[in-house]
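I'd like to ask some things about the structure below.
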Amino acid sequence: MAQAEETRRRLCEAHGWEEAAVELVTVVASGDQVLDRPLAEIGGKALWTKELDAWLADGSIDFAVHSMKDVETERPETLMIAAVLPREDVRDVLVGADSVATIPAGARVGTSAPRRAAQMLHARPDLTVVGFRGNVATRLGKLEAGEADVTLLAAAGLNRLGQTGIGTPLAADTWLPAPAQGAIGIECLAARSDLVALLDAIDHKPSRAAVMAERGLLRGLGGTCHSPIALLTTAEGDTLTLRAALFSPDGAERVEASATFPAGDTAGPAALAHSLLSGAPEAIRRHFTGS
């Protein structure tokens, strides 16, 4: 809802509309209804989009607001990401300890994200990962109840909720974020040229370029919700540098590579995907379907 409200505010400001010109239509996605199992076990990222996809198709809504890291890489051809808002902080925030190094030996880390679990176990194989799903309040409640000793949250979500004093942000160049983390995407029917034109006014081109490069890498890797991948994109003018690491789910294996290419180039992310998989051991490759 915070993301939808930000989208409405930006759209109204861009076009000089009153707030009432944009109606917020709420939906409880399937991904929010089943919280006792990892996302990958109950249908993957489609659980965040399928209800909204149906509403777009039948005209119940004009556009959908998504966390881009929760949107499947392959989307229906009838839909398009018409805008990406200015990207928020891409970092993860560690809650319950001041740093990864100071987490007590043998502590329990609450997360259901394969990337966070694998990256943590790679850095701290002495720790134990326990399943942790839900929104920010739910996960903080589970931590308070003692279901885990530490957890990880997206800085972007905390910032959008005004909860900036929670936890310790982890440096993005040492603790690599998730693909598209911190990015809000606005999706509509590709045939709705009227909406595409309206939404273009709030499209932040640098954020779009980075997010699309990261999604291009995911496409080349053939990654799924089971695939532990962490990456960081940096920009210098119209040139992007994408640094990515793949892990085995238990964190024992790690491979890293990087590539620099022009914004909008699709060959760069694809080549990086090939480089990563070519250098990865079988313990990593089996979790990706790319070549």
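The values are calculated or read from the model by the stated rules, or taken from the named source; none is laboratory data. Since the model is a prediction, treat every value here as computed from it, not as a measurement. Glycine gets a Cβ as well: all are built from the backbone with ideal geometry, and neighbour counts include every protein chain shown.
Regarding Ala230, is this residue in contact (Cβ under 8 Å) with a residue 60 or more places away in the chain, surrounded by fewer than 19 Cβ atoms within 10 Å (Cβ to Cβ) and either touching a Lys or Arg at 6+ places or on another chain (Cβ under 6 Å) or assigned to a loop (DSSP other than H, G, I, E, B) (or both)?
no
Exactly one of (1) surrounded by fewer than 21 Cβ atoms within 10 Å (Cβ to Cβ); (2) in contact with a strand residue (DSSP E or B) (Cβ under 6 Å, 6 or more places away or on another chain); (3) over 30 Å from Val28 (Cβ atoms) is unmet by Ile103. Its number?
So Ile103 meets the others, but not (1).
Among Arg160, Arg192, Arg139, Arg215, which is the only one that is closer than 21 Å to Asp265 by Cα, charged (D, E, K, R) and either out of contact with any Cys (no Cβ under 6 Å at 6 or more places or on another chain) or at pLDDT below 95 (or both)?
From the options Arg160, Arg192, Arg139, Arg215, the qualifying one is Arg215.
Then there's this: Got a sec? Which of Thr138, Thr73 is of a type in the set (S, T, N, Q) and assigned to a loop (DSSP other than H, G, I, E, B)?
The unique qualifying residue is Thr73.
Here is a check on your reading of the model: is Asp173 under 18 Å from Ala123 (Cβ atoms) and in a loop (DSSP other than H, G, I, E, B)?
yes
Being within 24 Å of Arg160 (Cα to Cα) and touching an Asp or Glu at 6+ places or on another chain (Cβ under 6 Å), is that true of even one residue in segment 113-129?
No, that holds for no residue.
Any residue in segment 246-268 that is farther than 18 Å from His122 by Cβ and assigned by TED's automatic domain parsing to the domain that holds Leu121 sitting within a Cβ distance under 9 Å of a residue that is modelled with pLDDT under 95 and assigned to a loop (DSSP other than H, G, I, E, B)? List the pairs, counting only those 6 or more apart or interchain.
That search, which allows pairs on different chains as well, returns nothing.
Could you pull out the residue among Leu189, Leu161 that is surrounded by fewer than 16 Cβ atoms within 10 Å (Cβ to Cβ) and under 23 Å from Phe63 (Cα atoms)?
Going through Leu189, Leu161 in turn, just one is surrounded by fewer than 16 Cβ atoms within 10 Å (Cβ to Cβ) and under 23 Å from Phe63 (Cα atoms): Leu161.
To continue, here is another question. Given the criteria touching a Ser or Thr at 6+ places or on another chain (Cβ under 7 Å) and either in contact (Cβ under 8 Å) with a residue 40 or more places away in the chain or within 24 Å of Ala107 (Cβ to Cβ) (or both), does Thr168 qualify?
For Thr168, the condition - touching a Ser or Thr at 6+ places or on another chain (Cβ under 7 Å) and either in contact (Cβ under 8 Å) with a residue 40 or more places away in the chain or within 24 Å of Ala107 (Cβ to Cβ) (or both) - is met.
Where in segment 78-127 are there strands (runs of 3 or more DSSP E), lying wholly inside it, with at least 1 residues that are within 16 Å of the chain's Cα centre (by Cα)?
So the answer is 79-84, 92-95.
Select from segment 56-70 the residues that are assigned to a loop (DSSP other than H, G, I, E, B) and of a type in the set (D, E, K, R) and list them in ascending order.
Asp62
Any idea which of Ala155, Ala171, Ala148, Ala97 is at pLDDT 95 or above and surrounded by fewer than 16 Cβ atoms within 10 Å (Cβ to Cβ)?
Answer to the check: Ala171.
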